[in-house]
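J.: Structure in C-alpha cells, see below.
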Amino acid sequence: MHPLLKTPRLPLAIAVSFPLLLALLSGHAAAERRSLAQDWLFQKGEARGAEQPAFDDAGWRKVAVPHDFAIMDKPDGTPPFDPKAVGGQDSGYLPGGQGWYRRHLALDAGDAARVLRLNFEAVYMDADIWFNGEHVGRHRYGYTAFTLDLTGKAKAGDNVITVRVNHADPSSRWYAGSGLIRPVTLDLLDPVHVAPDSVFASTRSASSDQGEVDVRASVSNRSAAAAKVEVLSTVVAGDGSTVARERRAMTVPARGKADLAHRFAIANPKLWSPDAPNLYTLVQEVRVGGVLRDTRRTRFGIRTVTVDARHGLRINGKQYLLKGGNIHHDNYMLGAAGAPDADRRKVALMKDAGYNAIRSAHNPASQATLEAADELGMLVIDEAFDMWRKPKRDADYSRFFEENWRRDIDSMVVSGRNHPSVIFWSVGNEIPEQATPEGAKTARELAARIRTLDATRPVTQGVNVDSPGNAVQFAELDVAGYNYRVHLFGSDHATHPERVMYTSESTSKDAFRYWDPVGRMPWVIGDFVWTSVDYLGETGIGWMGYSKDWKELGKYPWHLAYCGEIDATGRKRPAAYYRQVLWQSGIDPVVAFVEQPAGTEDLPDRQYFKEHPELDWSLHDLHPSWTWTGQEGRPLKVVVYAEHPEVELFLNGRSLGRKAAGRQTEYQVSYSVPYQAGRLVAVGYRDGKAADQWELRTAGAPAAVKLTVDRRQVRANGEDLAYVSAELVDANGVPVYARDGDRQFRVTVKGAGTLAGAGNGNPMDASSLQSGERATFHGRLVAVVRAGMDAGPIEVEFAGEGLPVQRVRIDAASL
Ligand code: GAL
C-alpha cells in the first residue's frame, strides 16, 4: 500500500462546522498535523549519497519512530552491548555512532503547495536533514524540538526526507540513545495561520471565583498580499463547554506577522493543581473574508505558582511540598525511544507511588511526559543542560553550546510553557563553571533569555558544591537547587534568609535526612531523589556506589544504574515504600522487608559497598520476600516501615513484640527473626487498634506465571503500547521472588501487534531486549507490545521452562 494511504491524519479541528465546510468548498484545506511515525527506512553507519532522492534505499530496514538504533540487536541477532564501547560505564556499554533515516513522503499537488512544517521532537544527536536532496537544517542538541520550514520545497508525488545522525562518543554521562528518539510530525497549514510557536496562555491570577488568563500569539501571513483577518479565540473546558470567547480583527502584512494579546476572565474556573489536574483548551480560529483558514488548539491550565522563603511553594495559594524524583529519558527495553505511551507510563508509575514532582534530568522533557504530567497532576522542573561551555565528556554538547544555547533554551521554553505541570525552568545541573563569576554570568544570560519568553516561572539550577561562590550563582536564580547539600540549609538560611531552597538530588538511602527539613524549614520546599525510576547507564551505582576506584565497578554486563526506587520494569523497590511512609501518603502505611543475609547476595561485588557504606547511591539491600531456604534457624533482619505510632511483627501467628515508631525512629523499626518458613505479618496500630497490615509468605517452586496487562485495547495506529507483566507464582498463588525460582521465557506476539521489547530489570542481564528470549528476575518479566496499523486481536504468549504456557489477548481497534 502507498505510504501516504497509511499515514494517520489528525485534524486539528474537531468537528466539521459550517465555516469549515465553507473553507473546504472554497479550496482552503483545514490545518492538519500528520504523524510521521511509520515507514521510515534506516541504515546504520555511513551511507554516502543517501541524501539524494534517487538513492537506492531498497535494502534499508523499515522502522517506526520514535526509534533508538543504539538499543537494537545487531543484524546477526546478538545484543548491542559491547564491553569495549567508548561510552563504557556511562552509556551502559552501548555505543553511539552514525545512522541514516529516509522517509518517502507522498503529497498531492494541493498539499505540496501548502505551508509545510516538519517537526522533530528530538534527534540524538548532531543531526543533518535534507529534503529532496537539499540540505534544510542542522540541529546539534539531542533533546530539543526543532521545526524545518519546507514551504515551497515540496512537489506533487514522492518527496524524500533524509536525516543523518552523528552521535560521536562519549557524548553523555548516562545512556542517551541514538536516532529519531521522539516523534516526528508534519504540519500542513494555510498561508494565513497562527504561528505555532507564538501561542502562550498564562495565568495572571487564579481563585475559585475568577481566573485571569493572558493570551499572546501572532498570526503569520506567508502570502504576497496583506490579509484582513478575524481571530476568534475561545476557551473550552474539560466538559466541552465554552467558558470564554474573544473576537479580534486585524490586518496581517504580506509575508509578515501581527501580534495578538488579550486577557480572558473566566468565572468559577476549575483550577489546575496536583490534586485536581483540570485542563482547558484555547481554540484559535483564523478567518479571512469569513472563510476559516486555520484552527490551533492549545491545552493549558489555570493556576498560579509562587515561591518565597516564608510560605514555600504555593500553587493557587496553597502550599505544596515537592515529593520529587529525578528521571532520565530512557524507557529501558525500548532504549531511549520516547514512545508517548512509555513516557506516560513512567509519569503514572511515579504518581501511583506517591511522588508529586519530576525533575527532568538533565534535559528538556518530552511532550508526552509533559502531557501526562498535566493530566495526572505531576509538577515538573524542566531542565536545559548538563553542561555549558566546559565539557564533562569529550564529545558532549559543550562543543555546540556557544552557537546553540539560545535556540535550545527557546525550544525548551516555547514547547513547555503552556503546560501547567511545568513549575520551574532549570538552566543546568552540576555545571563545571558553577559558583564562579563565569558560571554566574552564564546563568544570568540563560535566565534572562528564559524570562523574555516566560516571565511567569521561577528559574533554578542544581548546584553541588559547598563554595562561597554559591552566593553569586544563586543570586542569578529565583530558586536554589542543592544536589546532596542538606547540611547547608540551616547555615545558608542564616546568611540568605530570602533564599528558597530545595534538594535537586539526594541519595535514596538517606531519604529521612533529606525529607525531614522539607516544610519544617519553610524555605526548604522539596526533595528530588536520585532516582525515582531506574535507567540505563551509570552502571551499578545503586549497588556498589561510586568509590575512588569506581572504574573497577559496574563493568559489563552491568548496564542499568540500579539506583531507581522503582525498577526498570516499573516495580517498586523497598526504598519506594519507605518514601511513601515518610510522606505519610497512606498508600501502603505499613510494610516489611528482609535484609539479604550475608554471603547470599543475588548480584556480585556488593562486598565493596558493605565495607564503604558511605558510598552514595546504593539502596539498602532489602527484599519483599520470606523465602530464604537454607537460612532456617538463622536470624534475619526484618525492617518495618510504618506511618503508625506502633507496630508489631508476627511470625506464623506468634508475636515478636510491639515497637514504637515515628519521627524519633525515622518511621522504621527492625527485628531480628530466626528464619522459619511461613507467614510474616507486620501490623500497624493507631490509637492502640490494629489499623493496617502487610504480609510476606514463603513461596514454593514456581507453578505458573500470572499475566497482567495495563490495557486490553490499543488503537491500530502503529504507536500505542500495552505493557504485559509476568509474575511467577507457586501452586498457592504466592509470588516467587527468590532467584533460584527464576525461569527462562520465550515471549511471542502474534496478530495485529508486535513485540517492542522485553526486560526483567536485572542490571546484569545484558541479553537481547527485542528477541523475547528473556529470564525472569526476582520472579518478574515485562513485555511491551506495540499496536500495528491494522485492527484485530493481538495474542501475547509467555512460554516458561517447565511451566504451562500463558496467553493474554489485547485488541487493536481501528481509529
Ligand atoms: C549526580 C549527577 C547525576 C548522577 C548522580 C549519580 O551528581 O547530577 O546526573 O550522575 O550524580 O551518579
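The numbers here are math on the coordinates, done by the rules we state, and not lab data. Nothing here was measured: the structure is a model prediction, and the numbers come from that model. Glycine also receives a Cβ, built like all others from the backbone with ideal geometry; neighbour counts cover every protein chain displayed.
J.: Note down the relative contact order for the range 194-300 as a percent, whole number, built from C-alpha pairs under 8 angstrom at least six residues apart.
T.: 31 percent
J.: Continuing with the same structure: For Lys706, go through the lysines and keep the ones whose alpha-carbon is under 23 Å away, minus same-chain ones fewer than eight residues off.
T.: Once the sequence-local lysines are set aside, what remains near Lys706 is Lys346, Lys572, Lys750.
J.: Now for a separate question. Under the Karplus relation 6.51 cos²θ - 1.76 cosθ + 1.60, θ = phi - 60°, what is the ordered set of whole-Hz ³J(HN,Hα) values for the range 512-518, x standing for Gly and Pro?
T.: 5, 4, 7, 7, 3, x, 5
J.: How large is the charge dipole for the range 704-813, taken about the Cα centre, if only the Cβ atoms of Lys, Arg (+1) and Asp, Glu (-1) carry charge, to the nearest 20 debye?
T.: In total the dipole reaches around 140 debye.
J.: Run the numbers on the range 523-672 and let me know its relative contact order in percent, using alpha-carbon pairs under 8 Å that are six or more apart.
T.: 22 percent
J.: Once amide H atoms are placed 1.01 Å from N in the peptide plane, what residues at a sequence separation of 5 or more from Glu646, or on another chain, have their amide H within under 5 Å of its amide H?
T.: HN-HN under 5 Å from Glu646: Ala661, Tyr685.
J.: Further question: Of Gly599, Gly688, Gln744, which is farthest along the charge dipole of the chain in the positive direction, counting Lys and Arg as +1 and Asp and Glu as -1 at C-beta?
T.: Working it through, the farthest residue towards the positive pole turns out to be Gly688.
J.: Would you mind ranking Lys572, Lys318 so that the residue whose beta carbon has the fewest other beta carbons within 10 Å leads the list?
T.: By the 10 Å Cβ count, ascending, the order reads Lys318, Lys572.
J.: Please compute the contact order of the range 704-813 in relative form: average sequence separation of alpha-carbon pairs under 8 Å and at least six residues apart, divided by the residue count, as a percent.
T.: Normalised by residue count, the contact order of the range 704-813 is 36 percent.
J.: Near the amide H of Arg359, under 5 Å away, which other amide H atoms are found, from residues 5 or more places off or on another chain, if H is placed in the peptide plane?
T.: Sorted by chain and number, the residues that satisfy this are Gly325, Asn326, Ile327, Ile381.
J.: How far apart, in nm, are the 7 Å Cα→Cβ label points at Asn652 and Gln319?
T.: A separation of 5.0 nm, rounded to one decimal place.
J.: Specify which residue in the list Val380, Ser768, Gly700 is farthest towards the positive end of the charge dipole of the chain, using unit charges on the beta carbon of Lys, Arg (+1) and Asp, Glu (-1), about the Cα centre.
T.: Positive-most Cα among the choices belongs to Val380.
J.: Now, a different point. If the cut-off is 22 Å between C-alpha atoms, which lysines fall inside it for Lys392, apart from same-chain ones fewer than 8 positions away?
T.: Counting by Cα, and skipping residues close in sequence, Lys392 has these lysines nearby: Lys84, Lys441, Lys548, Lys551, Lys555.
J.: Quick one: net charge of Arg658's neighbours, Cβ under 12 Å, K/R +1, D/E -1?
T.: My count for the surroundings of Arg658 gives -1.
J.: Based on DSSP H runs of at least 4 residues, each adding -39500 (n - 2.57), what is the mean residue ellipticity at 222 nm of the chain after dividing by all its residues, to the nearest 500 deg cm²/dmol?
T.: Taken over the chain, the calculation gives -4000 deg cm²/dmol.
J.: So, one more: For the chain, give the magnitude of the charge dipole about the Cα centre (Cβ charges: +1 Lys/Arg, -1 Asp/Glu; no others), in debye to the nearest 20.
T.: So the dipole magnitude of the chain works out to roughly 1620 debye.
J.: Something else about it: Considering amide H positions built from the backbone, and no H for Pro or chain starts, which residues 5 or more places from Val194, or on another chain, come under 5 Å of its amide H?
T.: Here the answer is Ser220, since their amide H atoms fall under 5 Å of that of Val194.
J.: Among the lysines, which have Cα under 25 Å from the Cα of Lys155 when same-chain residues fewer than 8 positions away are ignored?
T.: The qualifying lysines are Lys6, Lys62.
J.: A follow-up question, please. Where does the charge balance sit around Tyr723 when Lys and Arg score +1, Asp and Glu -1, over other residues with C-beta under 14 Å from its C-beta?
T.: +1
J.: Report ³J(HN,Hα) in whole Hz for each residue of the range 644-652, in order, from the Karplus equation J = 6.51 cos²θ - 1.76 cosθ + 1.60 where θ = phi - 60°; Gly and Pro get x.
T.: 7, x, 8, 9, 9, 10, 10, 10, 6
J.: Let me ask another. In whole Hz and in residue order, list the ³J(HN,Hα) couplings for the range 205-220 that follow from phi through the Karplus curve 6.51 cos²θ - 1.76 cosθ + 1.60, θ = phi - 60°; x for Gly and Pro.
T.: 8, 8, 9, 5, 7, 8, x, 10, 10, 8, 10, 10, 6, 9, 9, 9
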